[in-house]
1. Which condition does B:E172 not pass, out of (1) buried (at least 20 other Cβ atoms within 10 Å of the Cβ); (2) out of contact with any Phe, Trp or Tyr (no Cβ under 9 Å at 6 or more places or on another chain); (3) more than 30 Å from B:P77 (Cα to Cα), if it passes all the others?
2. Being at the interface with another protein chain (Cβ under 10 Å from one of its Cβ atoms), surrounded by 24 or more Cβ atoms within 10 Å (Cβ to Cβ) and touching a residue at least 40 places away in the same chain (Cβ under 8 Å) is the filter here, so list the residues in region A:44-65 that pass it.
3. Which of the residues that make up region B:164-177 are part of a helix (DSSP H, G or I), in contact (Cβ under 8 Å) with a residue 12 or more places away in the chain and more than 15 Å from the chain's Cα centre (by Cα)?
4. For region A:24-76, give me the residue count where each residue is under 24 Å from A:R92 (Cα atoms), in a loop (DSSP other than H, G, I, E, B) and touching a His at 6+ places or on another chain (Cβ under 9 Å).
5. May I ask you to verify whether B:F181 is surrounded by 14 or more Cβ atoms within 10 Å (Cβ to Cβ) and touching a residue at least 40 places away in the same chain (Cβ under 8 Å)?
6. When the residues of region B:10-42 are filtered to those that are loosely packed, with under 15 Cβ neighbours inside 10 Å and among the acidic types (D, E), which remaining residue is modelled with the highest pLDDT?
7. Under the condition of being touching a residue at least 40 places away in the same chain (Cβ under 8 Å) and out of contact with any Lys or Arg (no Cβ under 8 Å at 6 or more places or on another chain), which residue from region A:108-139 is farthest from B:A137 (Cα to Cα)?
8. Quick one: count up the residues across region A:87-140 that are surrounded by fewer than 21 Cβ atoms within 10 Å (Cβ to Cβ) and either small (G, A, S) or touching a Pro at 6+ places or on another chain (Cβ under 6 Å) (or both).
There are 2 protein chains.
Amino acid sequence: MLRLYFAPESCALASHLALEEAGASYEAVRVDFSKNEQRSPAFLRVNPKGRVPALATERGILTETPAILFYIAQTHPKAQLAPLDDPFALGRIQAFNSYLCSTVHVAHAHNWRGYRWADDPAAIDEMKRKVPETVAACFSLIESEMFAGPFVMGETFTIADPYLFTIATWLEGDGVDPARFPKVLAHRNRMLERPAFRKVAAAHG
Amino acid sequence: MLRLYFAPESCALASHLALEEAGASYEAVRVDFSKNEQRSPAFLRVNPKGRVPALATERGILTETPAILFYIAQTHPKAQLAPLDDPFALGRIQAFNSYLCSTVHVAHAHNWRGYRWADDPAAIDEMKRKVPETVAACFSLIESEMFAGPFVMGETFTIADPYLFTIATWLEGDGVDPARFPKVLAHRNRMLERPAFRKVAAAHG
């Protein structure tokens, strides 16, 4: 059985939702960041990066949201979470998810984890100050150029949807009014109604 | 025919090398960052993000290195650049490439493009100061936990190899001595000898 290591309010929500959408057999294991469990020797044996999500499979551990999402789609083909045999359509999904992890999540992280890139508290404060601008710029591009609707890629739900949803739930915390992005906000609201979210919501409170 | 938009000394080198390794039919188009061509209306129609790489295909544009690399592997299966039908092995490659784009490349970017995350010059200087530490931490993890050898994933060359090579060529510029990471350095030296690199090197000078 698959085992997903997650923490509340982290991007692991995307993988958790994808497991539900796939109808996967899995268990979810909470890593308690308030106790710094992600840096414990036991968890570092699971993921030497000390981060979530991590997905334990029969063959070993997978990390990184885009990789885990695609693994779930590929191992649960009946759920049709990605166009596995259409390289261009799949490439568009992978490009979207890669943008989320390398640019949008990174913009957000400067609000909460500036210590990754600076030690001086004044520099960390300056990064925080700019976050509403950088996060809003990312979502402007998503709203105007990337989001097809009603789902990210168009008519079909894919592994891009739980990932966008997860990051869109951080907007208010990053000082950005989601009403500026009506398509993204409507998508976020629809995702809240799906059985997958209702099932895992309490764990991610 | 595929058309790769690239700029010298950018991560587009990874996609350029993968096209060569795949034996793909393509042309390479240089985007001149010194003239800010990446922000020109013509290029923004190619990639609204104003970045390279971008790969023009018959069906449209793909962006983001991990997505382009996987697209090249999937559309050129004879080159065997990824284990397309082995979800776990493929997931490990995708996780590695995702780490490169979302953590390692991002650590490097704080040396050159701190303006993305702060306006205050003092904060940008503080980010630059920390880069040797953060980039070295990433490569320590790659050296000790991720790199199987002789290629990234083990005995077989994959789309993880041109991407690690590309980012490893930035080490000296980021103030990190590559000799600290003997396996990564030996890999970098071997990659320099491959016909793919010899063919594209002049364009990336």
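1. (1)
2. A:A54, A:L55, A:T65 - these are the residues of region A:44-65 that are at the interface with another protein chain (Cβ under 10 Å from one of its Cβ atoms), surrounded by 24 or more Cβ atoms within 10 Å (Cβ to Cβ) and touching a residue at least 40 places away in the same chain (Cβ under 8 Å).
3. Correct list: B:G173, B:D174.
4. 1
5. When the stated conditions are applied, B:F181 passes them.
6. B:E27
7. Applying the filter and picking the extreme gives A:P132.
8. The number of residues fulfilling the criteria is 6.
The values are calculated or read from the model by the stated rules, or taken from the named source; none is laboratory data. A quick note: this is a predicted structure, and the numbers were derived from the prediction, not measured. A quick note on method: Cβ atoms are made from the backbone with ideal geometry, for glycine too, and the neighbour counts reach across all protein chains shown.
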